[in-house]
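Chemist: Dumping the structure here so I can ask a few things about it.
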Amino acid sequence: MGVDFNKEDHVAYITLNRPDTMNSLDPESVARLAEIWAEVVNDDDIRVSVLTGAGEKSFCTGTDMKKTPPPEECMASIWLREGQPIVPHMKMWKPLICAVNGYAVGGGMEMALACDLRIASSNAKFGLTEVKVASLAGLNGTQCMPRAIPQAVAMKMLLTGEMIDAKEAHRVGLISDVVEPGELMDFAKKLALKIAGNAPLSVKAAKQAAVMGLEMPLEHGIAFSHLLWGVLRDTEDRKEGFTAFAEKRAPQWKGR
Ligand SMILES: CC(C)(COP(=O)(O)OP(=O)(O)OC[C@H]1O[C@@H](n2cnc3c(N)ncnc32)[C@H](O)[C@@H]1OP(=O)(O)O)[C@@H](O)C(=O)NCCC(=O)NCCSC(=O)/C(=C/c1ccccc1)CC(=O)O
């Protein structure tokens, strides 16, 4: 099986599992990932997801270049279809954590960029290497990388295809934390459980405000976030959050 999927305590764990090919994405894995993202969106029990790869060498090296089939459809029908099959970019309000356990290259780097939090093991390496194989970082990498890190570093990576290591990725702000390889999943789990312990609608609203607000002028972003605050104001969970605080007990979230 190319992708493992399980959930525990409101956290979905998605593991790319083809370590012999550096967890690159064959067509079966791409199809399975599309099913999994749909389940993550629709399952109310899931509040946050952790995306990682099997083993300690590679998170994902992008398209499986040895198994890429010739196209079955013309580009127009693919282009005009709603959404991207691999990356749930911009339509997923539940947080995604990418635990980068080695190489994050090509489409693998782009999946990491589509996540909200990136943490990495100290042996991780990051690169948009598509220019080296006559392709393009077409899973939003050309758009997300210059928005994620300083433009000069992003352009250097995009145009040279050179990789950076975990230390440099941390320095430029591509990842929030670096840990030893054996500690990565424990760290990811702790982070996920912290998020899953917060009010689910508030977490989704915070992501929506931040992600959509980034593309708006500040004044519009402020108005949008105020509206979202108003939307949350009348939820049962907000009453519960305030009551639980006053009663000095843990809140019980209902997601409504
Ligand atoms: C990451 C590496 C530098 C690691 O090198 P290392 O020497 O440590 O290991 P290797 O011996 O090279 O790898 C071990 C084993 O795995 C196979 N492998 C690794 N990556 C792939 C891959 N992407 N596809 C197929 N097979 C892979 C490797 O061949 C070895 O097998 P063996 O010989 O033992 O049988 C190094 O592995 C490396 O540079 N990998 C390639 C990284 C790369 O170029 N990625 C970009 C691919 S293109 C892409 O991702 C695209 C995404 C996309 C865009 C738009 C829409 C959809 C997708 C572009 C596209 O698809 O056109």
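Chemist: Which is farthest toward the positive dipole end of the chain among Leu25, Met1, Ile175, measuring Cα position about the Cα centre, with Cβ charges +1 (Lys, Arg) and -1 (Asp, Glu)?
Modeler: Ile175
Chemist: Normalised by the residues of the stretch 95-149, what does the relative contact order come to in percent, with Cα pairs under 8 Å and at least six apart?
Modeler: On the way: 80 pairs, mean separation 21.0, N = 55.
Value for the stretch 95-149: 38 percent.
Chemist: Please turn the phi angles of the stretch 99-110 into ³J(HN,Hα) values with the Karplus equation 6.51 cos²θ - 1.76 cosθ + 1.60 (θ = phi - 60°), one per residue in order, whole Hz, x for glycine and proline.
Modeler: 9, 8, 9, x, 5, 10, 10, x, x, x, 4, 5
Chemist: Can you tell me the order of 176-189, 44-57 when each peptide is scored by its average per-residue count of other Cβ atoms within 10 angstrom, highest first? Mind showing how you got there, number by number?
Modeler: Numbers: 176-189: 15.9, 44-57: 20.3.
Answer by packing, highest mean first, reads 44-57, 176-189.
Chemist: Now a separate question. Ranking request for peptides 65-74, 102-111: highest mean number of other beta-carbon atoms within 10 Å first, then the rest in descending order.
Modeler: Details: 65-74: 9.0, 102-111: 27.8.
Highest to lowest by the protection proxy: 102-111, 65-74.
Chemist: Sorted by mean Cβ packing within 10 Å, highest first, what order do the peptides 194-203, 229-238 take? Write out the running numbers ahead of the final one.
Modeler: On the way: 194-203: 18.4, 229-238: 13.3.
My ranking of the peptides, most packed first, is 194-203, 229-238.
Chemist: Moving on. For the chain, what is the accessible area per residue in Å², given a 1.4 Å probe and the full set of protein chains?
Modeler: On the way: 14210 Å² over 256 residues.
Here the residues of the chain average 56 Å² of exposed surface.
Chemist: Which lysines have a Cα less than 19 Å from the Cα of Lys132, not counting those fewer than 8 places away in the same chain?
Modeler: Of all the lysines, those that pass the test against Lys132 - Cα under 19 Å, at least 8 places apart if same chain - are Lys66, Lys67, Lys156.
Chemist: What does the net charge come to around Ser122 if you take all other residues with beta carbon closer than 15 Å to its beta carbon, with K and R at +1 and D and E at -1? Present the calculation step by step, with values, prior to reporting the outcome.
Modeler: Details: positive: Lys57, Arg118, Lys125, Lys167, Arg171; negative: Glu56, Asp165, Glu168, Asp177, Glu180, Glu183, Asp186.
Result for the neighbourhood of Ser122: -2.
Chemist: Okay, moving on. Lys and Arg at +1, Asp and Glu at -1: add these up for the other residues within a Cβ distance under 13 Å of Leu184 and post the number.
Modeler: -1
Chemist: A follow-up question, please. In the chain, which cysteines lack any other cysteine Cβ under 4.7 Å from their own?
Modeler: Cysteines lacking a close Cβ partner in the chain: Cys60, Cys74, Cys144.
Chemist: Can you show me the helix-derived [θ] at 222 nm for the chain, built from DSSP H runs with n ≥ 4 at -39,500 (n - 2.57) apiece and divided by the number of residues, rounded to the nearest 500. All intermediate terms of the calculation are to be shown ahead of the outcome.
Modeler: Details: 10 runs with 107 residues, N = 256.
So the helix-based figure for the chain works out to -12500 deg cm²/dmol.
Chemist: Mind putting a number on the dipole of the stretch 200-247 about its Cα centre? Charges go on the C-beta only, +1 for Lys and Arg and -1 for Asp and Glu, and I need it in Debye to the nearest 20.
Modeler: Working: 5 positive and 7 negative charges, 14 e Å.
Roughly 60 debye, rounded to the nearest 20.
Chemist: For Glu35, what accessible surface area do you get with a 1.4 Å probe? Give it in Å², rounded to 10.
Modeler: Roll a 1.4 Å probe over it and Glu35 shows about 110 Å².
Chemist: Using +1 at the C-beta of Lys and Arg and -1 at the C-beta of Asp and Glu, which of Ile14, Ile164, Ala124 has the Cα lying farthest in the positive direction of the dipole of the stretch 3-197?
Modeler: Positive-end residue among those listed: Ile164.
Chemist: Considering only protein heavy atoms and a probe of 1.4 Å, how much of the accessible area of the stretch 200-247 is carbon and sulfur, as a whole percent? Present the calculation step by step, with values, prior to reporting the outcome.
Modeler: Working: 2240 of 3290 Å².
C and S atoms contribute 68 percent here.
Chemist: Would you mind telling me the share, in percent, of accessible area of the stretch 3-197 contributed by carbon and sulfur at probe 1.4 angstrom? Could the numbers behind the result be given before it?
Modeler: Working: 5420 of 9760 Å².
Carbon and sulfur: 55 percent of the exposed surface of the stretch 3-197.
Chemist: Roughly how large, in nm² to one decimal, is the mean projection of the convex hull of the alpha-carbon atoms in the chain?
Modeler: On the way: hull surface 60.4 nm².
Directional mean of the projected Cα hull area for the chain stands at 15.1 nm².
Chemist: What does the charge dipole of the chain about its Cα centre add up to, to the nearest 20 debye, if the Cβ of each Lys and Arg holds +1 and the Cβ of each Asp and Glu holds -1?
Modeler: On the way: 29 positive and 33 negative charges, 123 e Å.
Dipole magnitude for the chain comes out near 600 debye.
The values are calculated or read from the model by the stated rules, or taken from the named source; none is laboratory data. For clarity, every value in this text was computed on a predicted model and none was experimentally measured. A quick note on method: Cβ atoms are made from the backbone with ideal geometry, for glycine too, and the neighbour counts reach across all protein chains shown. All accessible areas refer to the heavy atoms of the entire protein, side chains included, with ligands and DNA or RNA removed. Shrake-Rupley method; radii C 1.70, N 1.55, O 1.52, S 1.80 Å.
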